[in-house]
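Single-structure report; data block below.
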Amino acid sequence: MRNSMNEGKTPTWLIEAQNKSWEPEIIISGVMLTFVFLLSHYIYNFYGMLIQDFGVYEKIARILYYLSIVIINGLKIILIMHLILRGLWTGLVGLSYVFPHGVKKDSSKSEPDFQSDKPEKMVIKIEMICSLLFSFIFSTLAFMLGFFIVFVPLVMLFIIGLERSLIVAISVGYFLVFGAGFVIFSILLETKLKDSNIKRKIENSLLQNIINIYSSNIGKVKTLMIFTLYFFIVISLSQSDIKKFKFETDSSVEEVSDADIVQIKRDQYNSFRDKKLRFPKATIDQFRLTTHSIELFVSLYRYDSDTFHKLQNNASLVKKFKLNKEGTTLSLSDLFKLTIDEKPITGLKWYRTEMIYTNQSVIMTTLPVDTLKSGYHELKIDKFYWSAKKKEMNLIENWDIIPFEIGMIRDLPAVKRNGLKSTSATRG
């Protein structure tokens, strides 16, 4: 094998692998396509978990989620095209077996000087496109994975549980050092390290070789146009998925009513939402109620415990926000203030639990609505949030607003709750 490579000839084993590459291509494409369609839910929940359970900044998780969605949708597009073309390739292979000579000119109605490709030539053309598409998959994948490597150290800081103020300082320093180091290293490669082994190794790296192969055979301009067009299409098709990802724990929501139209969010109702996905803030059973109560589930975030400890250990904050109740102590439920149609709701019994499909930590309670009139109502939730940046306690008004409607009230038999693990009671 070495001798044949030294002589500039393609090794026999590589020729055989090239001739039979369609077999693993079809298998890998089919398996990967099935995998990427199933992966979307897990990607959404994974980055939601990083924010809610580990306190990763929403902006960092959102960037990584965007990159993941672009990669997944890009894989979907290319893999579907690859399988379609492989199907066409299979048909042409059969056609080349039945009619190996292609068009019979003596019986064809085409012009005498008309030149048509034989089926085997068309097979080779489709084969080249399929192989190029398959290599394009892993070329773009390697390019996008480079962005993930930059953010991995920052995510690890949150997972190991460092203080937020320390993480902010480290993050700023990290990006400054990384950016400055990249610029300085690039300058050195073009000056002092111009003829060094380091530059030769970088220029001979796998990714750089792949780029050089594309640009030298297709042309630099065409290669740039292909990659630009590819990312433009993929990013455009990913916008609907990207907009769904919202896990901001320190922000208010906009008013849900616009003239006579009310904006209904699927995440806010268990009857509408996908129970295998995490929800960002709060959710109730359904929009139109026909019972005397509402089951409310409120999502917990990693830094809710920090906010709770700040309140618990600071009597002045408790007094300022009027949280001290005679004969009681503070609990996580005191981080949330509930109102229905601007009327405060108090004296509730709260429970802490986890959703069964996602392991999302929540607190839940039952809101009585038997005194409300039939028609439209709004449940508003305000939330206390400790700002590590400003070193102050904030009450986020309209942290979440859930519209609902009361129809004809009727008594229903007790049913077993779905989607919950075992619960432990906590004071409301």
Practice item. Rank these by accessible area, largest first, 1.4 Å probe: Y65, Y376. Key: Y376, Y65
Revision key, fill the gap. Taking R0 as 45 Å and r as the Cβ-Cβ distance between M128 and R273, the FRET efficiency 1/(1 + (r/R0)^6), rounded to the nearest 0.05, comes to 0.45
Review point. Under a no-solvent Debye model with one identical scatterer per Cα of the range 238-287, what's log10 I(q)/I(0) at q = 0.24, 0.25, 0.33 Å⁻¹?
Key: -1.13, -1.18, -1.24
Check your understanding: How much solvent-accessible surface does L39 expose, in Å² to the nearest 10, with a 1.4 Å probe and all protein chains in place?
Key -> 40
Review point. Which entries in the list K276/K389; K220/K243; K76/K220; K59/K343 go over 32 Å, if you measure between the two C-alpha atoms of each?
Key: K276/K389; K220/K243; K59/K343
**Study point:** Most to least accessible of V98, V150, V36 (protein chains only, probe 1.4 Å)
**Key:** V98, V150, V36
Review point. Points 7 angstrom from Cα along the Cβ direction at L141 and K220: gap in nanometres?
Key: 2.9
Practice item. Working with all protein chains in place, sort T346, T140, T290, T366 by solvent-accessible area computed with a 1.4 Å probe, largest first. Key: T346, T366, T290, T140
Review point. Rounded to the nearest 10 Å², what accessible area does H41 show when all protein chains are kept and the probe is 1.4 Å?
Key: 70
Practice item. Can you send over the solvent-accessible area of T90, 1.4 Å probe, protein chains only, in Å² to the nearest 10? Key: 80
Check your understanding: Once the Cβ-Cβ distance between E295 and S387 is put in as r, and R0 is 22 Å, what FRET efficiency do you end up with, to the nearest 0.05?
Key -> 0.10
Point to revise | Å³ per residue enclosed by the Cα convex hull of the range 145-229 | key: 143
Review point. How far, in nm, would the chain grow between E163 and K244 when pulled straight, counting 0.36 nm per residue and subtracting the alpha carbon separation?
Key: 26.3 nm
Check your understanding: What is the log10 of I(q)/I(0) for the range 258-395, computed with the Debye formula using one identical point scatterer on each Cα and no solvent, at q = 0.11, 0.15 Å⁻¹?
Key -> -0.47, -0.85
Review point. Any idea how far apart H41 and Y97 come out in nm if each label point goes 7 Å out from Cα toward Cβ?
Key: 4.0
Check your understanding: Under a point spin-label approximation (7 Å from Cα along Cα-to-Cβ), what is the D306-L348 distance to one decimal in nm?
Key -> 2.5
Exercise for review: Would you please give the residues with an amide H less than 5 Å from that of N270, counting only those at least 5 places away or on a separate chain, with H modeled from the backbone geometry?
Suggested key: I284, D285, Q286
Exercise for review: Would you give the gap between the C-alpha center of the range 156-197 and the C-alpha center of the range 350-370, rounded to a whole Å?
Suggested key: 42
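The values are calculated or read from the model by the stated rules, or taken from the named source; none is laboratory data. Everything numeric in this text was worked out from a predicted model, so none of it was measured. All Cβ positions, glycine included, derive from the backbone under ideal geometry; neighbour counts span all protein chains shown. Remember, those area values only see protein heavy atoms, side chains included, never the ligands or the DNA or RNA. Shrake-Rupley method; radii C 1.70, N 1.55, O 1.52, S 1.80 Å.
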